[in-house]
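To start, the structure itself, in structure tokens.
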Amino acid sequence: TKLKFESASTEGDNAGVAVSGKALLAEIAHNGEDLQGRVYAKKQDAEFGLGQQSASQSGTRKLGAEARYKMTERTSVDALAYREENLTTQATRNVTEANVSYAQEAYSLTAGARMARDVDGSGQKLDSDLLLLGASTQLIDNKLRLRANSENALSSANDSFDYPSRYIVGADYSL
């Protein structure tokens, strides 16, 4: 189990205007044989950094937890929950997700659900309730991996810009 605290600050000049900002992170993480997880809190001022920070994380506060429990050698459960607040626009996002995964040497299957509750800066609610399904298989002496994932709205709740209904198909080849 690890406990981590980080604090950083920057000061600079942006087109002749003095800017300064702070970033904070507190995290506790556990990596056991069957259980891994972390709980975290982080905050980043909009003015933090020297232009290298991700714009989507600028001016945000995020509280969350993630966990993975290995039920058997082949089956695991993953879960996460977080709340993110944009400190500039007052937009919020609450996300919860849970998945069950089953893996063999030749293939894997996943099934789960995600709920995203967004409120934009004007107060408009944008919700998505998604059923998550996935499968992959290994071919050609495990050099070729084919995968497909589906994230489908369970109801009319399919409004979150970052969590829409979508389908992903892919192939990975190892040289």
Problem - THR110 being more than 14 Å from the chain's Cα centre (by Cα), polar (S, T, N, Q) and farther than 28 Å from GLN36 by Cα - result: no
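Looking at the stretch 105-152 only, could you name the residues that are assigned to a strand (DSSP E or B), polar (S, T, N, Q) and farther than 25 Å from ASP172 by Cα? Give the derivation first.
Going residue by residue through the stretch 105-152, those that are assigned to a strand (DSSP E or B) are 107-119, 125-139, 144-152.
Keeping just the survivors that are polar (S, T, N, Q) gives 108, 110, 128, 136-138, 149-150, 152.
Matches in the stretch 105-152: SER128 only.
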Completion exercise
Restricted to the stretch 141-170 and to residues being among the charged types (D, E, K, R) and open to solvent by 60 Å² or more (accessible area, probe 1.4 Å), the residue farthest from the chain's Cα centre (by Cα) is ASP141
Exercise for the section: Filter the stretch 45-60 down to residues that are within 17 Å of the chain's Cα centre (by Cα) and at pLDDT 70 or above and give me whichever is least open to solvent (accessible area, probe 1.4 Å). Expected result: THR60
Exercise for the section: Examine the stretch 63-76 for a residue that is under 18 Å from LYS42 (Cβ atoms), surrounded by 15 or more Cβ atoms within 10 Å (Cβ to Cβ) and of a type outside the set (A, V, I, L, M), and state whether such a residue exists. Expected result: yes
Completion exercise
When GLU33 is run through (1) within 30 Å of LEU144 (Cβ to Cβ); (2) of a type in the set (D, E, K, R); (3) exposed (fewer than 15 other Cβ atoms within 10 Å of the Cβ), the failure sits at (1)
Exercise for the section: Within the stretch 139-158, identify whether any single residue is at pLDDT 95 or above and β-branched (Val, Ile, Thr), and answer yes or no. Expected result: no
Exercise for the section: Within the stretch 5-27, track down each residue that is more than 13 Å from ASP45 (Cβ to Cβ) and either among the small types (Gly, Ala, Ser) or open to solvent by 80 Å² or more (accessible area, probe 1.4 Å) (or both). Expected result: PHE5, GLU6, ASP13, ASN14, ALA15, GLY16, VAL17, ALA18, ALA26
Practice task
For residues that are of a type in the set (D, E, K, R) and farther than 19 Å from ASN99 by Cβ, scanning just the stretch 119-140, find the one that is surrounded by the fewest Cβ atoms within 10 Å (Cβ to Cβ).
Solution key: LYS125
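In the stretch 89-104, how many are part of a strand (DSSP E or B) and touching a strand residue (DSSP E or B) at 6+ places or on another chain (Cβ under 7 Å)?
Within the stretch 89-104, residues that are part of a strand (DSSP E or B) and touching a strand residue (DSSP E or B) at 6+ places or on another chain (Cβ under 7 Å) number 11.
The values are calculated or read from the model by the stated rules, or taken from the named source; none is laboratory data. This is a predicted model, so every value here is computed, not measured. Cβ sites come from the backbone with ideal geometry, for glycine too, and all protein chains shown count toward neighbours. Each accessible area value is taken on the protein alone, full model and side chains, heavy atoms only, with ligands, DNA and RNA left out. Shrake-Rupley method; radii C 1.70, N 1.55, O 1.52, S 1.80 Å.
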